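Visitor: Below are the structure tokens for one structure; questions will follow.
The values are calculated or read from the model by the stated rules, or taken from the named source; none is laboratory data. Keep in mind that this is a model prediction, so the values were computed, not measured. Neighbour counts are summed over all protein chains in view; Cβ atoms, including those assigned to glycine, are modelled from backbone coordinates with ideal geometry.
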């Protein structure tokens, strides 16, 4: 497994890198049989250290965790505990959903845009109905079953996930509703 351990405007020493690789490696090997890479980023937010961890599995699923603490090792331990809880919680579902999958999840490219928010407090009509595009990026759309899409959305902690339904070959959306349930849009 590949590890990418970095710091945003923080020097990361060899002992912390070794600690991260051993501790995170034990957790991932215990609950996920086929991890491909892990990305761990340390940063500062005022007086606290922040640790953000993203683990990619060969099945195409991504697990993310984030923790804050006043010490850098404590921030990592909190993040590692969240990752362990998340992977343990979904271990059975991961095994059930991917037992028969012989190949990784197929990904399709798509364009992703970030639109500027309207900051005007006036009730007047805007001059143009075209939104201002702030950023344009490439993104990946996975080909998943509905159950895998819900699991991927929950693992990533995302409010919404667009995916290609592998049973119908159409684009679908799953999202978290305000009442806590999961919504599924199948056009």
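Visitor: Is there a residue in segment 151-169 that is part of a strand (DSSP E or B), modelled with pLDDT of 75 or more, surrounded by 10 or more Cβ atoms within 10 Å (Cβ to Cβ) and over 19 Å from the mean Cα position of the chain (by Cα)?
Guide: First pass over segment 151-169, keeping only residues part of a strand (DSSP E or B): 160-165.
With the extra rule that they be modelled with pLDDT of 75 or more, the set shrinks to 160-165.
If we keep only those that are surrounded by 10 or more Cβ atoms within 10 Å (Cβ to Cβ) too, we end up with 160-165.
Remaining after also requiring over 19 Å from the mean Cα position of the chain (by Cα): 165.
Within segment 151-169 (the criterion being part of a strand (DSSP E or B), modelled with pLDDT of 75 or more, surrounded by 10 or more Cβ atoms within 10 Å (Cβ to Cβ) and over 19 Å from the mean Cα position of the chain (by Cα)), the answer is yes, since at least one residue qualifies.
Visitor: Just to be sure before I move on: is residue 20 touching a strand residue (DSSP E or B) at 6+ places or on another chain (Cβ under 6 Å), within 16 Å of residue 74 (Cβ to Cβ) and not assigned by TED's automatic domain parsing to the domain that holds residue 151 in the structure I sent?
Guide: It is true that residue 20 is touching a strand residue (DSSP E or B) at 6+ places or on another chain (Cβ under 6 Å), within 16 Å of residue 74 (Cβ to Cβ) and not assigned by TED's automatic domain parsing to the domain that holds residue 151.
Visitor: While we're on this one: Can we say residue 47 is more than 16 Å from the chain's Cα centre (by Cα), under 14 Å from residue 74 (Cα atoms) and either outside the structural domain of residue 81 (by TED's automatic domain parsing) or touching a residue at least 40 places away in the same chain (Cβ under 8 Å) (or both)?
Guide: On the way: more than 16 Å from the chain's Cα centre (by Cα): yes; under 14 Å from residue 74 (Cα atoms): yes; either outside the structural domain of residue 81 (by TED's automatic domain parsing) or touching a residue at least 40 places away in the same chain (Cβ under 8 Å) (or both): no.
So residue 47 does not fit the description; no.
Visitor: Taking the options 64, 4, 86, name whichever one is in contact (Cβ under 8 Å) with a residue 60 or more places away in the chain, in a strand (DSSP E or B) and under 30 Å from residue 163 (Cβ atoms).
Guide: Unique residue meeting the criteria: 64.
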